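Peer 1: Pasting in a structure now, in structure tokens, and then I'll have a few things to ask.
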Amino acid sequence: PKLIGQQLLDVILRRHLEKFLCSVEMGTELCSFVKEQSGEGVTTVLAKNGILETFDTKWMVGADGAKGVVRIQLGLTFLGETRDDIRMVMGDIRLHGVGLDRAVRPTSTCSMKECS
């Protein structure tokens, strides 16, 4: 498997969106939206630098995660579970030194009891 850090993933996604003439406006927060569906689209309330703005759009994609305003305002549940038998610890580790072979990457797996 290959993991990509969030900063690199953000860059990749923004570049891909730009191919479709879309852009991501940073520092803008979705405060609320009209939940009723209409043929005209969706009315949203956005906040940027403390200033509220009403914005009409044909559609909206809620990709703000389990604790985001879209899920909460729609009343959607986010069912999940915490499994005590599986844990994952990840880190962004950079090794520098003479003789390090980049083709071989150190990997370690252990249960939480072994790692403690």
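Peer 1: Please give me, ordered by residue number, the chymotrypsin sites (Phe, Trp or Tyr not before Pro) of region 25-63 that lie in loop per DSSP and have at most 12 other Cβ atoms within 10 Å.
Peer 2: On the way: sites: 33, 55, 59; in loops: 59.
Qualifying residues, ordered by number: 59.
Peer 1: Here is a follow-up. Past the 20 angstrom mark, what percentage of all C-alpha to C-alpha distances in region 1-78 do you count?
Peer 2: Values: 1378 of 3003 pairs.
Pairs farther apart than 20 Å: 46 percent.
Peer 1: Give me the percent relative contact order of region 1-76, please, defined on Cα pairs under 8 angstrom at least 6 residues apart.
Peer 2: Numbers: 69 pairs, mean separation 15.4, N = 76.
Taking the mean separation of contacting Cα pairs over the length of region 1-76, I get 20 percent.
Peer 1: Obtain the nm distance between the two label points defined at residue 47 and residue 7 by a simple spin-label model: each point lies 7 Å from its Cα along the Cα-to-C-beta direction.
Peer 2: For the pair residue 47/residue 7, the computed spacing is 2.8 nm.
Peer 1: From Cα coordinates alone, what are the radius of gyration and Dmax values for region 35-97 in angstrom?
Peer 2: Just the Cα atoms of region 35-97 yield Rg and Dmax of 19.3, 61 Å.
Read the figures in this text as sums done on the coordinates, not as results from a lab. Because the structure is predicted, anything quoted here is derived from the model rather than measured. Every residue, glycine among them, receives a Cβ derived from its backbone with ideal geometry; neighbour counts consider all protein chains shown.
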